[in-house]
Every structure is written in structure tokens, then in C-alpha cells.
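Values quoted throughout were computed directly from the atomic coordinates according to the rules given, and no laboratory measurement underlies them. Please read all numbers here as calculations on a predicted model, not as lab measurements. Every residue, glycine as well, gets a Cβ built from its backbone with ideal geometry; the counts of neighbours run over all protein chains shown.
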């Protein structure tokens, strides 16, 4: 984690957010954490896919849509390191954070993978209740 003691204007980050790596309780909670803690505008790709699914009345719950959106974004950008395609996330909780494209790109992939893993686990747990 970067040293921020020298920057007095850094907001007090909610410790329960775990810098975005908290276990999301709902798709909306996940989106809030991603909005706050993703460092690149790769975030917009999640939003675009979610809106497309909604606009096309794609079947599935918001949880399934969130997981599918994350799968698609990760599948598109993971491993190819096209950092020049992205700029800073203007929704980040700390508007003065130092943007470092290479590190921030990798951070965002890790953060999305964490959220996807959590959503898959929730889906699996719900399926166990639904189909005993």
C-alpha cells in the first residue's frame, strides 16, 4: 500500500472497504467498491456491459449480470497489458491519487478478479439452496 502520510488531503478511507477488496454483499455494493477503488477508467467497460444487458433485457439476476460483466472485462483485458488504452478513474475515492498506469492496470485486474470470485461463490451458494 502506498505511503500517504505526506499528503494531508487524502480522505479517511473506510476500513471496512479494505481498499475495494472487501467481500461485496450485493451487486450494488460491488459496483460501489469498484467505482471507489478501481484506479483506471477500465471501470467504464463494466458499466457499459451492465447497461447493455439491462437494455437488452438479458435473462439473469443483477448478480449474474455483474459476474458476467466482470468475466467479459477481465477476459478482454487480462494479460495483454494495453495500459495506454486507459486513463485515471475520475470516480476514485481519492481524487488526488498518483496515477501509475502499469501498476494501476494490474491492480484493477486483481480487484475485478476478487469481485468475480466472490460473486461466483455467492451464485454457487444460492444454487445449493435453490437446487438441493
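Only Cα pairs under 8 Å and at least 6 apart count here; give the relative contact order of the chain as a rounded whole percent.
Working: 110 pairs, mean separation 46.4, N = 132.
Taking the mean separation of contacting Cα pairs over the length of the chain, I get 35 percent.
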(request) Please report, in whole Å, how far the alpha carbons of the stretch 25-130 spread along each principal axis, starting with the longest. (result) 45, 25, 25
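If neighbour count is taken as other Cβ atoms inside 10 Å, put 53, 32, 38 in order from fewest to most. Mind showing how you got there, number by number?
Working: 53 19, 32 15, 38 25.
Sorted ascending by nearby Cβ count, the order is 32, 53, 38.
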(request) Take the chain, connect every pair of alpha-carbon atoms lying under 10 Å apart with a spring to form a Gaussian network, then pick out the residue of 13, 34, 111 with the largest mean-square fluctuation. (result) 13
(request) Could you work out how far apart the two model spin labels at residue 94 and residue 131 are, taking each label as a point 7 Å from the Cα in the direction of the beta carbon, and quote it in nm? (result) 4.4 nm
(request) Quick one: among 117, 68, 18, which has the greatest mean-square fluctuation in a GNM of the chain with alpha-carbon springs under 10 angstrom? (result) 18
(message) Compute a Gaussian network model of the chain, connecting alpha carbons closer than 10 Å, and tell me which residue from 51, 92, 114 fluctuates the most.
(response) 51
(message) Along the Cα→Cβ direction, 7 angstrom out, place labels at residue 61 and residue 25. What is the inter-label distance in nm?
(response) 1.6 nm
(request) Mind checking the full-extension length gain between residue 52 and residue 106? Use 0.36 nm per residue of separation minus the Cα-Cα distance, one decimal, nm. (result) 16.9 nm
